[in-house]
1. Label 7 Å along Cα→Cβ of Arg143; segment 94-134 residues with amide nitrogen under 13 Å?
2. Against the longest principal axis of the chain, how steep is helix 328-346, in degrees 0 to 90 to the nearest 10, with axes from Cα atoms?
3. Could you tell me whether segment 390-546 comes out rounded, prolate or oblate from its Cα gyration tensor? Rule is a ≥ b ≥ c as square roots of the eigenvalues, rounded for a/c under 1.5, then prolate if a/b exceeds b/c, otherwise oblate.
4. Once the Cβ-Cβ distance between Asn455 and Arg99 is put in as r, and R0 is 51 Å, what FRET efficiency do you end up with, to the nearest 0.05?
5. In whole percent, what relative contact order does segment 164-217 give with Cα contacts below 8 Å and a gap of six or more residues?
6. For a quick check of understanding: with a 1.4 angstrom probe and all protein chains in place, what accessible area in square angstrom does His145 have, to the nearest ten?
7. I'd like the orientation of helix 2-84 relative to the chain: the angle between its Cα long axis and the longest Cα principal axis, in ° from 0 to 90, rounded to 10.
8. Within 10 Å, count the other beta carbons around each residue, average over each peptide in 499-506, 33-40, and list them highest first.
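The values are calculated or read from the model by the stated rules, or taken from the named source; none is laboratory data. Here the structure is a predicted model, which is why all the values come from computation and not from measurement. Cβ placement follows ideal geometry from the backbone for every residue including glycine, while neighbour counts extend to all protein chains displayed. Accessible surface is based on the protein model in full, side chains and every heavy atom, while ligands, DNA and RNA are left aside. Shrake-Rupley method; radii C 1.70, N 1.55, O 1.52, S 1.80 Å.
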Amino acid sequence: MVPHEKKSRFHSIRAQITLVAVGSIVVSMVIAAVLGVVAIRSIGRSSSKEMLRLLCESGEKNLDYYFEGVEQSVEMVSAYVESDLDGLDDERLQAHLDRVSDIFKKLTYQNDGILTYYYRIDPSVSRNCKGFWFVRQGDGTFRPHEVTDITQYDTADTSNLVWYTVPKNTGESVWLPPYITENLGARVISYNVPVYYRGTFVGVIGIEIDYRKMAEQVDSITLDDDGYAFVNDEEGTLIYHPHKDTDEIMANNPEVPAGLLGDSQYVTYTYDGVKKQAVRLPLSNGMWLNVCVPMSQINASWVRWGLTIVAVFVVLLGICVVVTLRFASHVTQPLQDLTTAALQVDAGNYDVTLTYDGNNEVGILTRVFKRLVEHMESYIDNLNDLAYVDPLTSVHNKAAFAMYVQNLQSKMFELQEESFAVCVFDCSGLKEVNDLYGRRKGDVYLKTTCSLICNVFQHSPVFRVGGDEFAVVVTHGDFAHRDELMREFVERAAMVNASTDVRWEHVDVAWGMATCDANADETVEDVIRRANMRLDEHKRAQRPQA
């Protein structure tokens, strides 16, 4: 009986050790699994919210850029119209209409979303000068179209001829919701501005944009399989929805669900029995852009990850039981690292370190999680890369210069006289400094030149537009003294060069400056081109004669 008792006690002790070991492993793995699933759930939901917000912001920027371009064009023409009106007799009015037509033509030829532009004169002002209406043709050009006879309508009734009656009766610039033009039968959205001359209502100018262009941009905003975007007005009336018939929307004016009204950016609502998460942002024309996705789709991602984690833990538990406790730390440590990393990511810290690279389920999960974190970090880095500052000199970079030129171009038609100049600089000695003394000295050489440019042109934006090239848009107080400032720059450069024998601290530049000629320059690029031509002339003049 003794051997049997010893054998029974031996099995009992082994069972207890196994039970304690397996129990400890089970408890540890369950805790790690729960923490991992909770972290993944939190990350999944917050990431989905963030993706919705970024998607909505991107769509909002694209739509606002589109709408604001139209609005700016009409407002610029409006400013020109009221400054150009010098009388309401037919002869002056017709000459005025011809000039405005030319301005409209220059502003609209590059925007393929503009369907029509017009300037209509109120019949009470003139029966002979009715205005004009230009319609885009199939080849992209605008041709004059027969204008609507305003005298056939009651202009006090804002339910008809809305593009004319609404701005006339409100006296304010206005974006109008989609409507169908009577003469073309096309679905459009328009921006209209009333025109006054010495307190007298003269007429309306406006641009109609193709409704389909807005629809195409909204249709492009998608997330996974069931996420989509739609647009409503500020009262909650649906304007466009990719899953609804457009004619039915315009005929019935359906309202969006009540949960989508209000000022909250993040909204959870239920529609047709489906619970959805949405992000909504206001557009510049008074409408709202909504991007939504079913909650089931948001949950599906983290549930999948949760089930994966659970499955991996079950497999690991079986392995630990088979190969004994000595592998427990080897298995649980990477899981703990993964859980810690998941919690750090959930807290917003993407700079996590995961070194485990085993060829097992935990290793696969770790690598997949690392790739997920890298993708998220890369996406955030890409957003941060949109900065417009040159890292070496801390002045504006080439992208900022392009944006500044674009904004300046949009204002050129408002300019009545010369009001800016462009000066370009070429650090002609950079290659020599780099070759003889190294690129670090070349950086000092560039910084010295840039510092002098900034000190001279203190009231104008300075840009680094190339490796050894700088540009200054001479504006504000600097413009009136541009020639004096240029002479000051040359003198101060000579003083710097005379004060030191250190080659990389010299300021050796060629330069060229051109002033905007409102009568000759159609674009800012024309001014830049002339500045570069003068720069080339300066370079040739600096070269030693043979």
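1. 134
2. Approximately 20 degrees, to the nearest ten.
3. Judged from the Cα gyration tensor, segment 390-546 comes out prolate (a/c at least 1.5, a/b above b/c).
4. For Asn455 and Arg99, the calculated efficiency is 0.70.
5. 30
6. 70
7. 0
8. Going from most to least packed, we get 33-40, 499-506.
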